[in-house]
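First the structure, in the form of structure tokens, and then the observations on it.
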Amino acid sequence: MTGVELRSVSKRFGKTYAVRNVSLSVGKGEFLSLVGPSGCGKTTTLRLVAGFLAPDEGEVLLNGESMGGVGVRQRQVGIVFQNYALFPNLTVFENVAFGLRTRNTPEDILRPKVEQLLSMVGLDRRASAWPRELSGGQQQRVALARALAITPKVLLLDEPLSALDAKVRNSLRFEIKRIQRESGITTIYVTHDQEEALSISDRVALMNEGRIEQTGSPRDIYLRPANSFVADFVGVNNLLEGEYLGDGRFRWRERILSVENVPLPQGPCSLMIRPERISIASRDSASGDGNILPGRVSGKVFLGPLLRLAVDVEGEQILVDLLNTEIQPPALDEEIRLRFSPDDGRPVAGR
Amino acid sequence: MMRRALWLSGGICWFAYVLAPLALILVGSFGEKWFGTLLPDGFTLRWYADLFSKTMYVRAMGMSLLVACLTVFINALVGICSVYAVSVLGKKWLRRAFEFVILLPIAIPPVVMGLGLVQGFNWPSFSLVGTWQLLLGAHLVYTLPFMLRPLMANMDMLNWTVLEEAGTSLGATPFFLATRVLVPNLVPGLLSGAIMTFAMSLGEFQLAVMVTGSASQTYPVVLYQAFYVSTGFACAATTLLVLFSILSLGAVIFLGRLFGTRSAGMAV
Ligand SMILES: Nc1ncnc2c1ncn2[C@@H]1O[C@H](COP(=O)(O)OP(=O)(O)O)[C@@H](O)[C@H]1O
Ligand SMILES: [Mg+2]
């Protein structure tokens, strides 16, 4: 049985679609990230699941039950907001207890439950503190515990880490993942940060302009993007616009490159080459089965373990990542020859 | 240097125009007679005894307290509801209307308002003029802006839409949310609004003198008449009003502390 299911859901504001014909299913206990650029409809999708919005078309199901006409209060969803949204007049303990109090839970059940949640998020010692006395990261942990207190059918998080600084963001990211795994709660996690999404999700759904472009495991999305938008969004820096000729052949400018043989129709598309899969061919080596692109080094950036080169190939800038253990990195303005093997050039739809 | 001079002159003005007259009135209320000298002669509690023996003054004080308390209470309810509506509905025109409502009674002098009320509610078959209910209505309108302003500022700081969504998703009914979250978080605004409106209603003279009748006179109206009795008596009557104001404000602040100003994180 699925935890959350969206069946051809659309939502319009005025004439424009914020969410367009989205179908998505999240398994019970699964951690799914909804990722995409700002304004692509992630929050709207989340609000449709929560019940703050009703779909214009389509249907939302929680644990297999249709949510048509079911209000937010009855849906039993836990929500974590970007700006924490803790009740400022209640202590940490009472914030976490809030959902149980609305259900008139007796004190002898409520107290141990809240204490257990607080120790799960590592704040058992701050139970009597006021929200404003806590750091942003701590407040968000309280918000997480508060959302989990009602044993929600699904946990919805809308950019929960965006307001925090980088260091806290990283540690809290893995804590959210740990807590989700321990509690086994179906989770939809919204973020615009592809790295965040890829690092904690079981599955990622990538949205663009109200539509889902691709759904898959982080590995799938990263290695086999369905189109150039996905490839670009998950951080492939090299996308060459050209034409797929079928049979593992790709025309870029005057060249015919041998690339991965993918089931794509012949015609205009993009060739994706990851910077770390490109190497520098020695001057005299034969090309073998690889592709050779001659170019000139136009920039160098030191990135710790990596050295990133910008190479000008016929006016197109191609990025190349070299491990910094390379003995002799090329100098600026040096003429070099780039090499990539056919398996590392992947044609993707769209340009 | 400049700042010190400003502070100093401000302090002198405050002393000369606020504290000194109050102190003189306090002293005068215990004096036997006070004529042509800086300070009165003799010590007596006679004026206070007089004051409490005259039912007119005692009843007027009761009337003033009644009207002031009702004004605060009703304005608080109206204030919470309107501030909630303006903030949650988020309509631009509603906020404009709100600003207008806040400004209008301040722009209209109480005398004008009093005249209007006397004209408007005085019909041969049906007259509200002379009743305390009419005065209550007048005070409500007159003081409402001073309740709305701090409440709205408080509400704007709350980020209420998100709090409401969070609470609703946790299963709270609108009533539960209003009593457990909204009102407690509005306590600071309510408190300053209550202090303002209470003080304004308690000491309000112009509307009261025009609208009330002999049975519904409030304290400031009878106090004005006290100056025709004797200086000492008038001083005692004034002291009583100041005492009541200060005590009531103290009570309001105490109640506010009790109901979670601490938690709302704002001192009053
Ligand atoms: N309440 C609303 N009224 C009108 N337009 C809205 C509303 N909420 C969202 N939109 C529009 O819908 C689109 C998707 O918004 P949103 O779901 O918030 O995107 P995201 O969360 O991915 O940044 C945006 O173009 C936004 O302007
Ligand atoms: Mg959003």
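Computed from the coordinates by the stated procedures, all read-outs in this text should not be read as laboratory data. These numbers come from a predicted model, not from an experiment. FYI the Cβ positions are ideal-geometry reconstructions off the backbone, even for glycines, and counts take in every protein chain you see.
If you take each beta carbon of peptide A:88-95 and count the beta carbons of other chains within 10 angstrom, what is the mean?
Details: counts 11, 17, 6, 1, 0, 0, 2, 2.
What the average comes to for A:88-95 is 5.
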Residue among B:39, B:51, B:148 with the largest mean-square fluctuation in a Gaussian network model of chain B, springs linking Cα atoms under 10 Å: B:39
Among A:231, A:166, A:147, residue whose mean-square fluctuation peaks in a GNM of chain A (springs only between Cα atoms under 10 Å): A:166
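Residue A:129 to residue A:103: extension gain in nm, 0.36 nm per residue of separation minus the Cα-Cα distance?
Values: separation 26, 0.36 × 26 = 9.36 nm, distance 2.35 nm.
This chain segment gains 7.0 nm when fully extended.
Between residue A:162 and residue B:257, what FRET efficiency follows from the Cβ-Cβ distance if R0 is 35 Å, with the result rounded to 0.05? Intermediate results must be reported in sequence, preceding the final value.
Numbers: r = 37 Å, r/R0 = 1.05.
About 0.45, to the nearest 0.05.
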For the stretch B:177-252 versus the stretch A:115-175, the gap between their alpha-carbon centres in whole angstrom: 47 Å
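If you count, for each residue, the other Cβ atoms within 10 Å and average over each peptide, how do A:101-109, A:156-164 line up from highest to lowest?
On the way: A:101-109: 12.1, A:156-164: 21.2.
The packing order, highest mean first, is A:156-164, A:101-109.
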Charge dipole of chain B about the Cα centre (unit charges at C-beta), most positive-ward option of B:207, B:227, B:126: B:207
Whole-Hz couplings from phi, Karplus 6.51/-1.76/1.60, listed for the stretch A:257-265; x for Gly and Pro: 9, 8, 9, 4, 8, 10, x, 10, x
Estimated FRET transfer efficiency (residue A:63, residue B:93; beta-carbon r; R0 45 Å; 0.05): 0.55
For B:168-179, mean number of other protein chain Cβ atoms within 10 Å: 6
Rough spin-label spacing in nm, given labels placed 7 Å along Cα→Cβ, for residue A:170 and residue B:54: 8.0 nm
For the stretch B:70-111 and the stretch A:1-80, distance of Cα centres in Å: 38 Å
Proximal lysines relative to residue B:33, as straight alpha-carbon distance under 23 Å, when same-chain residues fewer than 8 apart are discounted: B:54
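Taking Cα atoms of the stretch B:121-268, Rg/Rh with Kirkwood Rh, to two decimals?
Numbers: Rg = 20.2 Å, Rh = 18.1 Å.
The Rg/Rh ratio comes out at 1.12.
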Within chain B, longest stretch clear of exposed chymotrypsin sites (Phe, Trp or Tyr not before Pro) (DSSP loop, no more than 14 other Cβ within 10 Å): B:44-125
Using a Förster distance of 22 Å, the FRET efficiency for residue A:193-residue A:303 (Cβ separation, nearest 0.05): 0.75
Aspartates and glutamates with Cα under 18 Å of residue A:167, excluding same-chain neighbours fewer than 8 positions away: A:159, A:175, A:193, A:195, A:196
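For chain A, what are the DSSP H helices with axial Cα length of 15 Å or more and mean Kyte-Doolittle hydropathy of at least 0.5?
Values: long enough: A:92-102 (16 Å, 0.64); A:107-120 (19 Å, -0.20); A:136-148 (18 Å, -0.24); A:166-183 (26 Å, -1.10).
Going by DSSP H runs, the hits are A:92-102.
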All lysines inside 27 Å of residue A:113 as judged from Cα atoms, apart from same-chain residues fewer than 8 positions distant: A:28, A:153, A:177
Label point distance in nm, residue A:16-residue B:39, each placed 7 Å from Cα along Cα→Cβ: 7.7 nm
Simple Cβ-charge dipole of the stretch A:2-228, Lys/Arg +1 and Asp/Glu -1, about Cα centre, in debye nearest 20: 140 debye
Principal axis box of chain B, alpha-carbon based, largest edge first, Å: 71, 65, 35
Residue among A:280, A:318, A:150 with the largest mean-square fluctuation in a Gaussian network model of chain A, springs linking Cα atoms under 10 Å: A:280
Average projected area [Cα convex hull, the protein assembly as shown], square nanometres: 45.0 nm²
Distance in nm between pseudo-label sites at residue B:77 and residue A:211 (7 Å out along the Cβ direction from Cα): 5.6 nm
